Structure formats: structure tokens, C-alpha cells
Amino acid sequence: MNQNPFIDQAMEMVKAQAGVKQMTPSEMVEMTREIAEGLAKLAAGGEEHAETVQKPFIDPKKAIRLNYVICVECGARFKVLSKKHLESHALTPDEYREKWGYKKGTSLVCKSLTQQRREKMASTKIWEKAGKKGKAAEKKPESKPSADK
Ligand SMILES: [Zn+2]
């Protein structure tokens, strides 16, 4: 069992308590233990949240690299940090972004892939434009039967 470094402090506090009200020895022991535990949790940074507040595996700002994305939750590397993987941490991509301070819509994809996608999208757009222009040019004005009499 680890010696709680706050036990002395806790004992002082219990002594003060025992001075103002009647306490049985077991009550004092119990109170000392509780205070020492509480102080230890406080020192660890936030009592109830001690377990839920989690240190990132890596600085989220450094997690998106050229050739891989590092999962801030577990340190695993991916080309694409998938929704499925995030589910294993009980997070949706949005929750993940929010949790680690990414901007909304940040793609959890390695930079080289993002770049490729961007290039692909850009060229797709060029083709789409060209395609639309072509079609528009092909479109013939409809010849309506003359309504004149
Ligand atoms: Zn992970």
C-alpha cells in the first residue's frame, strides 16, 4: 500500500475537528483516510474527474502528420482516423474533434492524403465545369410550334 503523502495534513485537519466535536477513534481514522484521499485527488488535478480527465497521447496539434494521423486517445497511427476506430473510444468524429480542440470539420486524415484529395477534387471540378459547358453548348433551343395565326 502506498503511503499517502497527505496523511499528515489530513491528521492535522481531523485533530482540529476532534477539538470541536466528539469523535470516536474509528471515526477519526475514517475521516483521516477520506481527507487524505480527497487531498491526493485534488493534487492530481480535480477530484471526481481524476479518471475521466485524460492526458492526450500526443499533442493534438502534432497528431496530424504528413503520412499518418496519430490517434490522440491511444497513439495508434492511421492514414485515416476512421469513425470506426473512434467508436472504440466511444467517440464520434465530432466529439473527438471537440475533445481535443480541433476545429469543426478538420479532416482526420494524414496531410498527404488531404493534399491528394484536394488535388483530385480540384481536377474533378475542372472536369465538371468542362462537362457542363460541353452539355450546355450541345443543348439545342427547342423549336416550338408557332402559336401565331
Ligand atoms: Zn485510438
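The values are calculated or read from the model by the stated rules, or taken from the named source; none is laboratory data. Since the structure is predicted, the reported quantities are computational estimates derived from the model, not experimental observations. FYI the Cβ positions are ideal-geometry reconstructions off the backbone, even for glycines, and counts take in every protein chain you see.
In region 83-149, counting only helices (runs of 4 or more DSSP H) that sit wholly within it, the ones holding 2 or more residues that are at pLDDT below 85 span 111-138. Pairs meeting the criteria (first residue in region 66-81 and in the same structural domain as Ser112 (by TED's automatic domain parsing), second residue within 8 Å of the ligand (Cβ to nearest atom) and polar (S, T, N, Q), beta carbons under 9 Å, at least 6 apart or on different chains) are Glu73/Ser88; Cys74/Ser88.
Taken together, the residues in region 107-119 that are in contact (Cβ under 8 Å) with a residue 24 or more places away in the chain and away from the ligand (no atom under 12 Å from the Cβ) amount to 5.
What number of residues within region 67-100 are away from the ligand (no atom under 15 Å from the Cβ) and exposed (fewer than 12 other Cβ atoms within 10 Å of the Cβ)? The total comes to 1.
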